[in-house]
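Accompanying notes for the structure given below.
No lab work stands behind these numbers, since they all come straight from the coordinates. Computed from a predicted structure; not experimentally measured. Here the Cβ positions follow ideal geometry from the backbone for every residue, glycine too, while neighbour counts run over all protein chains shown.
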Amino acid sequence: MAQITAADVNKLRQQTGAGMMDCRKALIESDGDFEKAIDYLRKKGAKIAAQRSDREAREGVVIARTTPDGKKGVLVLLSCETDFVAKNQDFIQFAETIAQTALQHDVHQLQDLLQIQVAHEPLQNRVLDQMARIGEKIELSRFERIDAPGVVAYTHAGNRIGVLIGLNMALDPAIEQAGRDIAMQVAAMKPIAVDRDQVPQEILNREKEIVWEQLKQDPKMQGKPENILAKIAEGKLEAFFKENTLLAQTFVKNHEQTVAQFLASVHPNLRVTGFKRVALG
């Protein structure tokens, strides 16, 4: 059997980030073969994943980043089980690495991101390595992307909420600040769509059903003509659009304006092409 030295253990620890005892055991089980030891630790990570598959990874970090030209942006949610891990700088840096990797490789889908090579191995393996080192469930839970003439990224509340805003104009200082203000709006007010035309049909149908059910159960509405009820229902839907669509919402930084009016005040042609919002929980 090969002799395992403290230097060997430290070398493996530097390569993998695993704990000292785990590295020593991996080297003993692998008879000093570093490649086999790395595989052993990776398998240990997979075993942890299987053991903790029923755990809920409700904590984590959300990272929002854009390319230097401000035309592409990504959102990454790296989940974990505890707030203690979520606040660890190594864990946060790993999430940052994932976001930068997605931008560098022009990734569009989560599954493609997991297969990107990072330090000569698929990102999915790096996630398992983190799981082995930390000892709790780690999961790349969400990946979102926006491409537009101008993209602004915003992270809120200690990496617990991330937002991407797509704009129809290239970024200059004024446009970028406007994008950041809109991102703060999205983070705080949680709109479901840019405007009423982009509200998913299933949500609209559900809301209409709720409104009509409310009217049917309201004693004051009993006996009212159908056309009157239709107008009341329409008014309730208007209130729904005002509360839940971005452009119709009251602007959080100036309650005298809607978001649409704010955009027009920055530039008459400025438009939001889309947004993404990712939050823990």
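Restricting region 65-86 to residues that are assigned to a strand (DSSP E or B) and of a type in the set (Ser, Thr, Tyr), which is farthest from residue 152 (Cα to Cα)?
Once the filter is applied, the top-ranked residue is 79.
With (1) touching a Phe, Trp or Tyr at 6+ places or on another chain (Cβ under 9 Å); (2) among the polar types (S, T, N, Q); (3) under 24 Å from residue 273 (Cα atoms) as the list, and residue 155 as the residue in question, which single condition is left unmet?
(1)
Are any residues in region 188-228 among the β-branched types (Val, Ile, Thr), touching a helix residue (DSSP H, G or I) at 6+ places or on another chain (Cβ under 8 Å) and assigned to a helix (DSSP H, G or I), and if so, which ones?
Passing the criteria: only 211.
Could you tell me whether region 94-107 includes any residue that is acidic (Asp, Glu), surrounded by fewer than 22 Cβ atoms within 10 Å (Cβ to Cβ) and assigned to a helix (DSSP H, G or I)?
The answer is yes, given that some residue of region 94-107 is acidic (Asp, Glu), surrounded by fewer than 22 Cβ atoms within 10 Å (Cβ to Cβ) and assigned to a helix (DSSP H, G or I).
Would you tally the residues in region 140-187 being under 12 Å from the mean Cα position of the chain (by Cα) and not in a strand (DSSP E or B)?
Within region 140-187, residues that are under 12 Å from the mean Cα position of the chain (by Cα) and not in a strand (DSSP E or B) number 3.
Residues being of a type in the set (A, V, I, L, M), under 12 Å from residue 152 (Cα atoms) and surrounded by fewer than 19 Cβ atoms within 10 Å (Cβ to Cβ): count how many of those fall in region 175-194.
1
Residues to consider are 2, 57, 46; find the one that is in a loop (DSSP other than H, G, I, E, B), small (Gly, Ala, Ser), out of contact with any Pro (no Cβ under 7 Å at 6 or more places or on another chain) and farther than 30 Å from residue 165 by Cβ.
None of the other options fit; the residue is 2.
Among the residues of region 91-129, how many are more than 25 Å from residue 163 (Cβ to Cβ) and not small (Gly, Ala, Ser)?
Of the residues in that region, 11 qualify.
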